[in-house]
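The values are calculated or read from the model by the stated rules, or taken from the named source; none is laboratory data. Values in this document were obtained by computation on a predicted structure and should not be read as measured data. Don't worry about glycine lacking a Cβ; one is built from the backbone with ideal geometry, like all the others, and counts go over all protein chains shown.
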Amino acid sequence: MSNLIKLQNGSAVIVADDSWQIVRLPAGEAEVKKQAGKVVQFRLTGVEAATAEQIAATAVPASGKVVLPLSVFIARRAEFESRLAAGEVGVWLETCELVETLAEAQADLNVFPLIAVFIERFADGRAYSSASLLRSRFGYRNELRAFGDVLRDQLFFMKRCGFDAYQIRADRSASDAIASLGDFSEPYQAAVVIDQPVWRRHARG
Amino acid sequence: MYIYDEYDQRIVDERVAQFRDQTRRYLAGELTNDEFKPLRLQNGLYIQRYAPMLRVAVPYGLLNAKQARKLAHVARTYDKGYAHVSTRQNFQYNWPELKNVPDILAELASVQMHAIQTSGNCIRNVTTDQFAGIAPDEVVDPRPLAEILRQWSTFHPEFALLPRKFKFAVSGSVNDRAVVQMHDIGLEFFRDAAGELRIKVWVGGGLGRTPILGEVIEEALPWQHMLSYSESILRVYNRWGRRDNLYKARIKILVKALGIEEFRRQVEAEWAHHKDGVNTLTQAEFDRIAKCFTAPAYESLPEDDAGFSAKLTEEKAFANWVKRNVHAHRQPGYRAVTLSLKVTGIAPGDVTDRQLDIVADLAERYSFGELRTTHEQNIVLSDVKLADLHALWLEARAAGLATPNIGLITDIICCPGGSFCDLANAKSIPIAESIQQLFDDLDYQHDIGDLELNISGCMNSCGHHHVGHIGILGVDKNDSEWYQVSIGGKQGNDASLGEVIGPSFAADEVAGVVKRLIDVYVEARLPEERFIDTVRRLGPAPFKERVYADRQPAKKKVEA
């Protein structure tokens, strides 16, 4: 059963077959940080998400539609030009990666049919700014997908920041999660989705 | 006060439904503790030492009588018959049951109240001056702009999961009573030479483990840009604020790390993109909200009232109360009144359901049906006729709400501490009580005069101990409770952070230490000099000397 929700013409549907393959980096030697005895799984904004060895060792399927790690796309772009032109290459960003890095590497983001942001931890709101910037500043119009620690209670925020596809975490039900996309009907403030504040949308008193 | 329209009401109603379902899923085991935690916190719900604690939002401290009665009803029906006014002007309940919280929220929504974003890593309840709209020194009524901020920040999708909590304070008076320098963003409204409304924007203030006063990022922002500029600050913070260390996650740490110049540069660069966008406020929207905050239908009264003046000379107890608990008003013949929630033997800020009902009655009969909570944890009736003060005093006194101690040593700001709070290192309420008992004599208190004594049970500093003239902080040493004492902190335009006087004390020593600090002051003060000014003039040395005079000097280590 697929766990991928997409917004299509404003309504949410579970998409049965997803032809995109998300390409993962091979495990690297991660620096282990601890705080109060607990391992901190966190990377500061703007840190290098992958080492040169990891990038070089990343195995990319020879055919089909692939979503590349941003670092792999940038370092090994020449390998993928024809597939990019054919609309078969997307990229994904770590929570800590900057959308500016992507925009510097590729001015017109709409060459990508898909950009994804990996949600490392559901309670980390950085991805919301990444999505907002991709939509509002960099003019990205195609699919923007959240994957990773994606849970239903954050979907409404994600939607308003411009995510229009949600790969719900595997152990949760996507069909249950759909309901949360409609938690609020008339939000106060402007965002990517519903781009005017309520006082510009309606005559209020 | 602000009256909800259909859009406001729909948001709180939808919130109740959303939280009801989240609670149901949590109780059914469909949400883990870690997953439920940010959801419940953003609804003001803590899991505490004995029971959950629910924090209800009182936007910028303003309530009407109907809402006060609803708060009383909730205390009676779902709690143990009392509630607590917090240092962020909110109401807290210490004993609700988790399964009842959705019902409590539904009750609150029926009177245009909610618990949205009263905790969690998001934009919190906006606070302001308790005398907004009536203070003689006010330049701009900050409440309409506070309400605009409230609406903008409510469920702001991009800033729903910030690195850490984020607090706004707004002020529109010459004398700052909202402690703008102690907030993540402090907005100080003023009018420029041309009469245009502008904002001095402070950023990066905060107490907690690393107390820092804010810095000015923008001297004179045109008010129309309040939201777009705030969004720019929030976006820089959301992206770059540290999330790897809880104690370094507030915006103050980011501002310090970058320096205010670089932080400003980043904010301005961000702002350039959407400065004149949809968030630019219009006069029409300002006017729509501002019309909710117009002055009530005051009577034309003379400056004086003969009956009032007579009572003042006849009754010393009344005169004492007037001296401390009655405040200037811009309307002739009117005064603001503080109902003290600082009674010796009762936790500072606590109020019973019965008292809340009485406050609602008093508000209706004497003050146009409105009341305000203060960050000093008292309640203000803002528009009382001079001629009504004596009658009001009699009724308030009968209800235990007329302790004449506002701004005195027993008007202690105090967090719930280890008696309730799971974060606390030490109890704070019994410390407050021991000090209140030692200084219970009213003449003595009045002789000591203006003094702010603030107590926090841990580094999170809910009791604002850093800005108390005397600050007391509960610390944990080898699993026992100790108290660190500081002096010289102050809120206001000339805010300062207190300095720790030395090694900490056991619980039963604290009141005695305060007594010694007061003794030094009483002996050394100049005529009319307040405690804080004596501390500033003399420095901490004579105070330290007296407090530690008969203490064993620490044993020197013998060099081997």
Original post:
Only one residue in A:136, A:180 is within 12 Å of another protein chain (Cβ to nearest Cβ), in contact with a His (Cβ under 9 Å, 6 or more places away or on another chain), surrounded by 16 or more Cβ atoms within 10 Å (Cβ to Cβ) and touching a residue at least 12 places away in the same chain (Cβ under 8 Å), so which one is that?
Top reply: A:136
Subject >> Selected residue (criterion: surrounded by the fewest Cβ atoms within 10 Å (Cβ to Cβ)) from residues of region A:158-177 that are among the charged types (D, E, K, R) and in a loop (DSSP other than H, G, I, E, B) >> reply: A:171
**OP:** Determine whether residue B:460 is under 21 Å from the mean Cα position of the chain (by Cα), of a type in the set (S, T, N, Q) and assigned to a strand (DSSP E or B).
**Re:** no
Subject >> Enumeration of residues in region B:444-467 that are closer than 16 Å to residue B:407 by Cβ and not β-branched (Val, Ile, Thr) >> reply: B:444, B:445, B:446, B:447, B:449, B:450, B:451, B:452, B:453, B:454, B:464
**OP:** Kindly indicate whether any position in region B:152-164 is more than 13 Å from chain A (Cβ to nearest Cβ) and acidic (Asp, Glu).
**Re:** no
Subject >> Within region B:12-31, considering residues that are at the interface with chain A (Cβ under 10 Å from one of its Cβ atoms) and basic (Lys, Arg), the one nearest to residue A:169 (Cα to Cα) >> reply: B:25
Original post:
Only one residue in A:141, A:169, A:145 is over 15 Å from residue A:128 (Cα atoms) and in contact with a strand residue (DSSP E or B) (Cβ under 8 Å, 6 or more places away or on another chain), so which one is that?
Top reply: A:169
**OP:** Output the qualifying pairs, or none if there are none: Cβ atoms under 7 angstrom, residues six or more apart or on different chains, first residue in region A:94-106 and within 13 Å of another protein chain (Cβ to nearest Cβ) and under 13 Å from residue A:47 (Cα atoms), second residue of a type in the set (Lys, Arg) and part of a helix (DSSP H, G or I).
**Re:** A:95/A:126
Original post:
Identify, please: which residue in region A:183-205 is within 9 Å of chain B (Cβ to nearest Cβ) and either hydrophobic (A, V, I, L, M, F, W, C) or assigned to a strand (DSSP E or B) (or both) and is, among those, farthest from residue B:280 (Cα to Cα)?
Top reply: A:184
Subject >> Flag if residue B:34 is modelled with pLDDT under 95 and within 10 Å of another protein chain (Cβ to nearest Cβ) >> reply: yes
**OP:** Just need a number here: residues in region A:180-194 that are touching a strand residue (DSSP E or B) at 6+ places or on another chain (Cβ under 9 Å) and either within 11 Å of residue A:5 (Cα to Cα) or polar (S, T, N, Q) (or both).
**Re:** 1
Subject >> Members of region B:272-322 found to be among the charged types (D, E, K, R) and either within 29 Å of residue B:146 (Cβ to Cβ) or surrounded by 14 or more Cβ atoms within 10 Å (Cβ to Cβ) (or both), listed by number >> reply: B:275, B:276, B:285, B:287, B:288, B:291, B:299, B:305, B:311, B:315
Original post:
Of all the helices (runs of 4 or more DSSP H) wholly in region B:230-292, which have at least 3 residues that are within 26 Å of residue A:200 (Cβ to Cβ) and assigned by TED's automatic domain parsing to the domain that holds residue B:200?
Top reply: B:260-274, B:283-290
Subject >> Checking residue B:179 against (1) more than 14 Å from chain A (Cβ to nearest Cβ); (2) on the phi < 0 side of the Ramachandran plot; (3) aliphatic (A, V, I, L, M), the condition it does not meet >> reply: (2)
Original post:
For region B:457-496, how many residues are of a type in the set (Lys, Arg) and touching a strand residue (DSSP E or B) at 6+ places or on another chain (Cβ under 7 Å)?
Top reply: 1
Original post:
Would you pick out the residues in region B:311-348 that are over 30 Å from residue B:430 (Cβ atoms), among the hydrophobic types (A, V, I, L, M, F, W, C) and touching a helix residue (DSSP H, G or I) at 6+ places or on another chain (Cβ under 9 Å)?
Top reply: B:312, B:318, B:319, B:322, B:326
Original post:
Does region B:282-305 contain at least one residue that is of a type in the set (S, T, N, Q) and facing another protein chain (nearest Cβ under 10 Å)?
Top reply: yes
**OP:** Say whether the condition of being assigned by TED's automatic domain parsing to the domain that holds residue B:264, assigned to a strand (DSSP E or B) and surrounded by fewer than 24 Cβ atoms within 10 Å (Cβ to Cβ) is met by at least one residue in region B:221-228.
**Re:** yes
Original post:
Which one is surrounded by the fewest Cβ atoms within 10 Å (Cβ to Cβ) among residues in region B:348-373 that are among the polar types (S, T, N, Q) and more than 20 Å from residue B:295 (Cα to Cα)?
Top reply: B:352
Original post:
Quick one: is residue A:122 facing another protein chain (nearest Cβ under 9 Å) and within 13 Å of the chain's Cα centre (by Cα)?
Top reply: yes
**OP:** Go through region B:272-293 and give me each residue that's closer than 20 Å to residue B:231 by Cα and more than 30 Å from the chain's Cα centre (by Cα).
**Re:** B:272, B:273, B:274, B:275, B:276, B:277, B:278
Subject >> Given (1) surrounded by fewer than 19 Cβ atoms within 10 Å (Cβ to Cβ); (2) without any contact (Cβ under 8 Å) to a residue 40 or more places away in the chain, number of the condition residue B:345 does not satisfy >> reply: (2)
